[in-house]
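Asker: Here it is: the structure, laid out below.
The values are calculated or read from the model by the stated rules, or taken from the named source; none is laboratory data. Because the structure is a prediction, the values reported are computed rather than measured. Reconstructed Cβ throughout: ideal geometry from the backbone, glycine too, with neighbour counts over all protein chains shown.
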Amino acid sequence: MKIYLNIGLALVAGVIVGGLVNIMIVMVGPMIIPPPEGIDMTSAESLKENAHLLQSKHYIFPLLAHALGTFVGALLAYKLAKQYQVLVAFCIGALFFLGGVSAAQMIPAPIDFILVDLIFAYFPMAYAAISLAKGATKE
C-alpha cells in the first residue's frame, strides 16, 4: 500500500509542478513576444476570435511551456517515485499529452504547430527527463 501512495504522490507532484511551469511560461511569453493588438493570450475565446492574426513567433512560448512543463513534471515524478520511476515519468508525459490534445481541440492553431507540439513536447520530453535523471544517478 505504501508504494501506491508514493507513486500517487509522485504523479500529483509532477502534474502540479509541471503545470505551474507551463502556466508561468505561458504568462511570460506575451511579455517577451507581444501578441497583436487586442488579443488576450490567456483567453481561449480571444484566441479563437483572433487566431488569424497570430504569427509563427507567437507559438514559441506555448511550445516551450508544453515541453518544459512536461519535462519538469516528469523529472520530479521520476525523482520522487521509489519504484516504477520510468512508468511514472511516462505517465506524466501521457497526462500532459492528453492536455495538449484537449487544447488542440479547443484553441485554433496552425496544423504544423499542433503536430510539432503533440509529437515533440510530451513523450520525448518525458524521455529526456528520464535520461537526465538516470544519468545523474550514475555518477
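Asker: So which residues in segment 27-46 are in a helix (DSSP H, G or I), closer than 14 Å to residue 107 by Cα and within 19 Å of the chain's Cα centre (by Cα), if there are any at all?
Answerer: As a first pass, look at segment 27-46 and keep what is in a helix (DSSP H, G or I): 27-32, 44-46.
Add one more test, that the residue is closer than 14 Å to residue 107 by Cα, and what stays is 44-46.
Passing the criteria: only 44.
Asker: Need the failing condition index for residue 63 against (1) assigned to a helix (DSSP H, G or I); (2) among the hydrophobic types (A, V, I, L, M, F, W, C); (3) without any contact (Cβ under 8 Å) to a residue 60 or more places away in the chain; (4) over 18 Å from residue 112 (Cβ atoms), just the number.
Answerer: Only one criterion in (1) assigned to a helix (DSSP H, G or I); (2) among the hydrophobic types (A, V, I, L, M, F, W, C); (3) without any contact (Cβ under 8 Å) to a residue 60 or more places away in the chain; (4) over 18 Å from residue 112 (Cβ atoms) is unmet by residue 63, namely (4).
Asker: Could you check, for segment 94-106, whether at least one of its residues is surrounded by fewer than 19 Cβ atoms within 10 Å (Cβ to Cβ), at pLDDT below 90, of a type in the set (A, V, I, L, M) and in contact with a helix residue (DSSP H, G or I) (Cβ under 7 Å, 6 or more places away or on another chain)?
Answerer: For segment 94-106, residues surrounded by fewer than 19 Cβ atoms within 10 Å (Cβ to Cβ), at pLDDT below 90, of a type in the set (A, V, I, L, M) and in contact with a helix residue (DSSP H, G or I) (Cβ under 7 Å, 6 or more places away or on another chain): present.
One line per residue, one yes/no per condition, for (1) among the acidic types (Asp, Glu); (2) in contact (Cβ under 8 Å) with a residue 12 or more places away in the chain; (3) over 15 Å from residue 130 (Cβ atoms); (4) surrounded by fewer than 17 Cβ atoms within 10 Å (Cβ to Cβ):
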{"position": "23", "(1), (2), (3), (4)": "no, yes, yes, yes"}
{"position": "34", "(1), (2), (3), (4)": "no, no, yes, yes"}
{"position": "43", "(1), (2), (3), (4)": "no, no, yes, yes"}
{"position": "46", "(1), (2), (3), (4)": "no, no, yes, yes"}
{"position": "51", "(1), (2), (3), (4)": "no, yes, yes, yes"}
{"position": "72", "(1), (2), (3), (4)": "no, yes, no, no"}
{"position": "76", "(1), (2), (3), (4)": "no, yes, no, no"}
{"position": "79", "(1), (2), (3), (4)": "no, yes, no, no"}
